[in-house]
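Working notes for the structure below.
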Amino acid sequence: MWTYTAARDTLKPGDTLNSTSSLCSAKGKICLGFFVYDSLNSSQLGITAQNNHQWIASRDMHILYPTGVLTLDKNKTLKIMDQGGTRLELCSAPKTAGNVLATLLDSGNFILQEVNSVDGSTTQVFWQSFDYPTDTLLPGMKLGVNHRNGHVWSLASSSSKYNLEPGPFTLEWDAKGHKLKIKRRGVVYWTSGAFTSKRFKLIMMRYNVSIVSNENEDYFTYTALNQSSPSQWLLTVGTELNQNPRADNSFNLGII
């Protein structure tokens, strides 16, 4: 497992990240790197906090260990390679973009961004891991749909405890009903009840919830009431919604 004290949180054009290295966010609590996936020496690029995988780049594409490399090449393309060939292109920034960096943020979001050459502030984001959640929802992530491009934000459980490929259960946002839904192969399995009076009927609420609905997007997102305490939702293989899995203050948000 990776160290959580590394100061490096950013890739510049020409930089690479191999199977023995990692990026860690500024505060050192979130890390990105390759982890061994199974006994066949395959691996995945993922984001981890407190030994819990929060995001995986491609759950159904295994990278041969230890040949996996994440690179931001000179053409400003962020991609995953193994054995010298491209396995997955995450994003290619426009050729007209200025200073392009790939940065792991303390929020757990990994972004490909253009930054101001003077003060280093973000001028635009071309790609972010928050747009491609796996089975974990973090504060600031969205569940819903982007009407501009048809992109859907949803969670998908793992197939099993030892198989991280997408399973049959998904967590989705019902914009019309203002409720969360768990579906099993597309069929509604459970709902949270409508969001009324700042809470869901069937979920313990310890969050600030925001619901956005306009011509561009419909989505649900949340932040923790206690910002000093980590907060994440995990859609488990057993179709439970858990907060802070494997932590002392873990509890079920909704039991199916």
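The values are calculated or read from the model by the stated rules, or taken from the named source; none is laboratory data. Please read these numbers as outputs of a predicted model, since none were measured by experiment. Glycine also receives a Cβ, built like all others from the backbone with ideal geometry; neighbour counts cover every protein chain displayed.
Filter the stretch 222-256 for residues that are assigned to a strand (DSSP E or B), modelled with pLDDT of 70 or more and crowded, with 18+ Cβ neighbours inside 10 Å and give the result.
Those that are assigned to a strand (DSSP E or B), modelled with pLDDT of 70 or more and crowded, with 18+ Cβ neighbours inside 10 Å: Tyr222, Trp233, Leu234, Leu235, Leu241, Asn242, Gln243.
Might you check whether a residue that is among the small types (Gly, Ala, Ser), closer than 20 Å to Ser107 by Cβ, at pLDDT 95 or above and surrounded by 13 or more Cβ atoms within 10 Å (Cβ to Cβ) occurs anywhere in the stretch 153-165?
yes
Do any residues in the stretch 67-82 that are more than 26 Å from Asn41 (Cβ to Cβ) have Cβ atoms under 6 Å from those of residues that are small (Gly, Ala, Ser) and surrounded by 21 or more Cβ atoms within 10 Å (Cβ to Cβ), where the two are at least six apart or on different chains, and which pairs are they?
Close Cβ pairs satisfying both conditions: Lys76/Ala93.
How many residues are basic (Lys, Arg) and surrounded by 21 or more Cβ atoms within 10 Å (Cβ to Cβ) when one looks only at the stretch 141-152?
Residues of the stretch 141-152 basic (Lys, Arg): 142, 148.
Within this subset, residues satisfying the condition of being surrounded by 21 or more Cβ atoms within 10 Å (Cβ to Cβ) are 142.
Adding up the residues that qualify gives 1.
Consider only pairs whose beta carbons are under 7 Å apart and that are at least six residues apart or on different chains; among these, list those whose first residue lies in the stretch 111-123 and is over 24 Å from Met141 (Cα atoms) and whose second residue is part of a strand (DSSP E or B) and not hydroxyl-bearing (Ser, Thr, Tyr).
Ser117/Asn99
Do you know which residues across the stretch 83-103 are at pLDDT 95 or above and either under 16 Å from Gln44 (Cβ atoms) or charged (D, E, K, R) (or both)?
Leu88, Glu89, Leu90 - these are the residues of the stretch 83-103 that are at pLDDT 95 or above and either under 16 Å from Gln44 (Cβ atoms) or charged (D, E, K, R) (or both).
Looking at Asn116, is it more than 20 Å from Lys27 (Cα to Cα), surrounded by fewer than 17 Cβ atoms within 10 Å (Cβ to Cβ) and assigned by TED's automatic domain parsing to the domain that holds Ala175?
no
Within the stretch 45-82, can you find the residues that are surrounded by fewer than 19 Cβ atoms within 10 Å (Cβ to Cβ), out of contact with any Cys (no Cβ under 8 Å at 6 or more places or on another chain) and under 18 Å from Gly14 (Cα atoms)?
Hits for the stretch 45-82 are Thr67, Asp73, Lys74, Asn75, Lys79.
Table: residues versus (1) aromatic (Phe, Trp, Tyr); (2) in contact with a Lys or Arg (Cβ under 8 Å, 6 or more places away or on another chain); (3) under 20 Å from Lys27 (Cα atoms).
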{"position": "Ile56", "(1), (2), (3)": "no, no, no"}
{"position": "Tyr65", "(1), (2), (3)": "yes, no, no"}
{"position": "Leu78", "(1), (2), (3)": "no, no, no"}
{"position": "Met81", "(1), (2), (3)": "no, yes, no"}
{"position": "Glu89", "(1), (2), (3)": "no, yes, no"}
{"position": "Val100", "(1), (2), (3)": "no, yes, no"}
{"position": "Ser129", "(1), (2), (3)": "no, no, yes"}
